[in-house]
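J.: I'd like to ask you about the structure that follows.
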Amino acid sequence: MEIDRSSRLLTGLWVAIAILLAKLFLIQILDGSYKRDASNNSMVYDNIFPPRGIIYDRNGEVLVGNRVCYDILVTPREVEAFDTLALASALDLDPAWIREQMDWYRQYRSRIGYRTLQFVKQVDTEHYLRFAELQYSFPGFKAQVRSVREYPFNAGGNLLGYVSEVNAKDMEKEPDVYKSGDYIGRTGLEAAREKELRGRKGYHIFLRDSRNRRQDAYRDGEFDLEAVAGDDIITTIDAHLQQYGQKLMTGKRGSLIAIEPSTGEILAMVSSPSIDVDVLADIGSHYKALAADPGRPMFNRTVQAAYPPGSVFKLVNGLIGLQEGVLKVSDRYPCSRGFAYSSKHKLGCHDHRSPLDLNEAVMMSCNAYFCYVFRNLLEGPDRGTVGEAFGKWRDYVLSFGFGQKLGSDFPSELGGNIPTADFYNRRYGKGHWKTSNVISLSIGQGEIGATPLQIANLAAIMANRGYYYIPHLVKDSPDLKIDDRFREKHYTMVDTSHFKKVIPGMWMAVNGGPGSGGTAGLACVPGLDICGKTGTAQNPHGADNSVFICFAPKDNPKIAVVGYIENAGWGGSYACPLASLLIERYLTGGTVRPELEKRMIETHFYGGN
């Protein structure tokens, strides 16, 4: 019995020894990962930074490219005595600054250890070559190839955005992707498409000896990782149109946006004042000045500013009236320089003939006409309570893309505001408000807030006669497929048959009609059949804002545009000609109105760009 027990114990011992030996054989001979892990403390990883993807316009023009530069790195523990003046001369640095840096390294040498640090960033090729010739004289210093953004085409600083060095939050959010010294898209398309544009870093692995000196490549580079360049992006932007729009907006605050109605592709997206592309390449040096600029060039008005849309919104109310059956095209309403909505209050209007039908009211932008329409939408024997009718009206308005984010592929888009019945219940008390309390909504004033992109989308809806594609900035390309949501038609709650009923009024506003008097005569270009609607939006902080939406040609439209110019007054004075010049340039490649073009370019409302 005792022998059997000893035999079993001995057998078990040999089995355990065999398992241990097999495991050791696996670890030591067959599987090198443990050895590699143990060796990592004696390895040096030299990063290989990939070039970011190139950003093109719709016609193949390079909007954002790359140029080679070099970061100069230093491993303080490897630095030996060197000629400070020679290094300063090669890199065009202040010798005193170099001495300060070396003193700092010595002071914190225990904290730094054997780490390699960034000494100078983004050295150009000329200075790098000077450094490379003398590098043997500067032990502990080396160069690392990087690429930085360059902008061969001066168009779209705000929409393109900029890249900057990662911060602690970036590294905390994606620790496996970003390390100190990496760059990230911070705004605009650079931020929106960061994952595609950034590519993937690579590295070479070298061994260190017992004195921490770099030796040969580890395992002849077997475990090196090649860098992968970022994906290229083709935008919907027409670079020449974008540049022309920026030229038109010099000295003005506001937006010019052009959309291809049949696709929702954004052709131009101008926010003014804007960031010059020359500044984008070195944003760090200019950031404080840009942030302090009273013109707020870093604020992208096209998607971040919520304005009252003004009289262009009358089109929405007219269409809802047609859908709800409270309005016919032939209905005529009087206007005696405004609409009296109480015994003491009147919503004013400019002087024009009276009464008017629907298309004449669109052509002349009659306030009183659309006050009548709005009142009929909210009040009547079959409308229910004002609150209920208002809720239905709001649903219609939301279907036009107002009061919510459109879902564009551009970052930082705001949703604007369309007030709710509950908002007015809180303000006036439930059941204690009526049309007269909200009459300003009839003409796009009051509590309505809309971004220029949403207003441009309204122009596209009118061009398409009742639907839109979500406005977007990126096209399909070999490297990138756009989301299917950008291919879907979004119909409003108004039947498409009603849109053709108001288009004649938009055509008459630009091209004249019975008795003339159109508010958008400055947009007329013979042969282009531009259709438009002016707006003058009240501004509590100064002069009125000038607004104009338009599309062309009338049939099978190729382009829809909004011009929204802050503090420029009447809609027909500045937004109207500016937007029409953009259309004319896109459809013809030039202008038959050089004097108007010159006047628009030279008219400045403030002193900035």
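The values are calculated or read from the model by the stated rules, or taken from the named source; none is laboratory data. What you see is a predicted model, and the numbers here were worked out from it, not measured in a lab. Note that each Cβ is placed from the backbone with ideal geometry, even for glycine, and that neighbours are counted across all protein chains shown.
J.: Is it fair to say Arg337 is more than 32 Å from the chain's Cα centre (by Cα), within 23 Å of Val510 (Cβ to Cβ) and of a type in the set (D, E, K, R)?
T.: no
J.: If I filter segment 228-248 down to residues being β-branched (Val, Ile, Thr) and touching a helix residue (DSSP H, G or I) at 6+ places or on another chain (Cβ under 9 Å), which single residue comes out as farthest from Val64 (Cα to Cα)?
T.: Ile237
J.: Testing Ile482 on (1) outside any loop (DSSP other than H, G, I, E, B); (2) farther than 23 Å from Gly563 by Cα, one condition comes back false. Which one is that?
T.: (1)
J.: Right, here's the next one. Within segment 59-71, does at least one residue satisfy the condition of being in a strand (DSSP E or B) and surrounded by fewer than 16 Cβ atoms within 10 Å (Cβ to Cβ)?
T.: The answer is yes, given that some residue of segment 59-71 is in a strand (DSSP E or B) and surrounded by fewer than 16 Cβ atoms within 10 Å (Cβ to Cβ).
A quick yes/no check of all residues on (1) modelled with pLDDT of 95 or more; (2) assigned by TED's automatic domain parsing to the domain that holds Val163; (3) hydroxyl-bearing (Ser, Thr, Tyr); (4) under 38 Å from the mean Cα position of the chain (by Cα):
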site	(1), (2), (3), (4)
Arg77	no, no, no, no
Phe82	no, no, no, no
Ala88	no, no, no, no
Pro95	no, no, no, no
Met102	no, no, no, no
Tyr105	no, no, yes, no
Arg109	no, no, no, no
Tyr114	no, no, yes, no
Leu117	no, no, no, yes
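J.: A further question on this structure: Any idea which of (1) assigned to a loop (DSSP other than H, G, I, E, B); (2) closer than 19 Å to Glu260 by Cβ is the one Gly518 doesn't satisfy?
T.: Unmet for Gly518, out of (1) assigned to a loop (DSSP other than H, G, I, E, B); (2) closer than 19 Å to Glu260 by Cβ: (2).
J.: Restricting to segment 485-499, give me the number of residues that are in contact with an Asp or Glu (Cβ under 8 Å, 6 or more places away or on another chain) and either assigned to a strand (DSSP E or B) or closer than 30 Å to Tyr56 by Cα (or both).
T.: Total satisfying the criteria: 1.
J.: Sticking with this one: Would you mention how many residues in segment 555-588 are of a type in the set (Gly, Ala, Ser) and at pLDDT 95 or above?
T.: 5
J.: Separate question: So which residues in segment 242-260 are touching a Lys or Arg at 6+ places or on another chain (Cβ under 8 Å) and within 17 Å of Pro557 (Cα to Cα)?
T.: Scanning segment 242-260 gives a single hit, Glu260.
J.: Give segment 382-391 a look and list any residue that's surrounded by 16 or more Cβ atoms within 10 Å (Cβ to Cβ) and either outside any loop (DSSP other than H, G, I, E, B) or in contact (Cβ under 8 Å) with a residue 12 or more places away in the chain (or both), or say none.
T.: Val386, Gly387, Ala389, Phe390, listed by residue number.
J.: Within segment 125-152, restricting attention to residues that are of a type in the set (Phe, Trp, Tyr) and in contact (Cβ under 8 Å) with a residue 12 or more places away in the chain, which residue is surrounded by the most Cβ atoms within 10 Å (Cβ to Cβ)?
T.: It comes out as Phe131.
J.: For the condition within 26 Å of the chain's Cα centre (by Cα) and outside the structural domain of Glu78 (by TED's automatic domain parsing), what is the one hit in Asp170, Asp176?
T.: Exactly one of Asp170, Asp176 is within 26 Å of the chain's Cα centre (by Cα) and outside the structural domain of Glu78 (by TED's automatic domain parsing), namely Asp170.
J.: Is it the case that Arg253 is of a type in the set (Lys, Arg), in contact (Cβ under 8 Å) with a residue 60 or more places away in the chain and under 22 Å from Gly407 (Cα atoms)?
T.: no
J.: Residue by residue through segment 558-574, note down the ones that are of a type in the set (A, V, I, L, M, F, W, C) and under 22 Å from the mean Cα position of the chain (by Cα).
T.: The answer is Ile559, Ala560, Val561, Val562, Ile565.
J.: Cys371 versus (1) within 23 Å of Asn511 (Cβ to Cβ); (2) touching a residue at least 40 places away in the same chain (Cβ under 8 Å); (3) not charged (D, E, K, R): which is the lone unmet condition?
T.: Checking Cys371 against (1) within 23 Å of Asn511 (Cβ to Cβ); (2) touching a residue at least 40 places away in the same chain (Cβ under 8 Å); (3) not charged (D, E, K, R), the one that fails is (1).
J.: Applying the selection to segment 581-603, what residues are surrounded by 12 or more Cβ atoms within 10 Å (Cβ to Cβ) and farther than 26 Å from Lys554 by Cβ?
T.: Arg599, Ile601, Thr603 - these are the residues of segment 581-603 that are surrounded by 12 or more Cβ atoms within 10 Å (Cβ to Cβ) and farther than 26 Å from Lys554 by Cβ.
J.: In segment 157-177, how many residues are in contact with a Lys or Arg (Cβ under 8 Å, 6 or more places away or on another chain) and over 20 Å from Tyr203 (Cβ atoms)?
T.: Matching residues across segment 157-177 total 4.
J.: Could I ask something else about it? Does at least one position in segment 462-484 carry a residue that is closer than 22 Å to Ala368 by Cα, touching a residue at least 40 places away in the same chain (Cβ under 8 Å), touching an Asp or Glu at 6+ places or on another chain (Cβ under 9 Å) and not aliphatic (A, V, I, L, M)?
T.: no
J.: Another question, then. Which residue, of Ala537, Ala543, Ala552, is at pLDDT below 95, more than 18 Å from Lys314 (Cβ to Cβ) and among the aliphatic types (A, V, I, L, M)?
T.: Result of the check over Ala537, Ala543, Ala552: Ala543.
J.: Also: Out of Ile439, Ile455, which single residue is hydrophobic (A, V, I, L, M, F, W, C) and modelled with pLDDT of 95 or more?
T.: Just a single option satisfies the conditions, and that option is Ile455.
J.: Here's a check for you: in segment 237-261, which residue that is more than 20 Å from Glu597 (Cα to Cα) and buried (at least 23 other Cβ atoms within 10 Å of the Cβ) is nearest to the chain's Cα centre (by Cα)?
T.: Among those that are more than 20 Å from Glu597 (Cα to Cα) and buried (at least 23 other Cβ atoms within 10 Å of the Cβ), it is Ile237.
J.: Something else about it: Mind checking which residues of segment 69-85 are in contact with a Ser or Thr (Cβ under 6 Å, 6 or more places away or on another chain) and polar (S, T, N, Q)?
T.: Thr75
J.: Picking from Asp555, Asp544, which residue would you name as being of a type in the set (Asp, Glu) and under 30 Å from the mean Cα position of the chain (by Cα)?
T.: Asp544 is the lone residue from the list that is of a type in the set (Asp, Glu) and under 30 Å from the mean Cα position of the chain (by Cα).
J.: For segment 129-156, which positions are outside any strand (DSSP E or B) and either closer than 22 Å to Gly202 by Cα or of a type in the set (Gly, Ala, Ser) (or both)?
T.: Ala132, Ser137, Gly140, Ala155, Gly156
J.: Would you kindly identify the strands (runs of 3 or more DSSP E) lying entirely within segment 180-227 that contain at least 3 residues that are within 30 Å of Phe299 (Cα to Cα) and modelled with pLDDT of 85 or more?
T.: Those strands (runs of 3 or more DSSP E) span 183-185.
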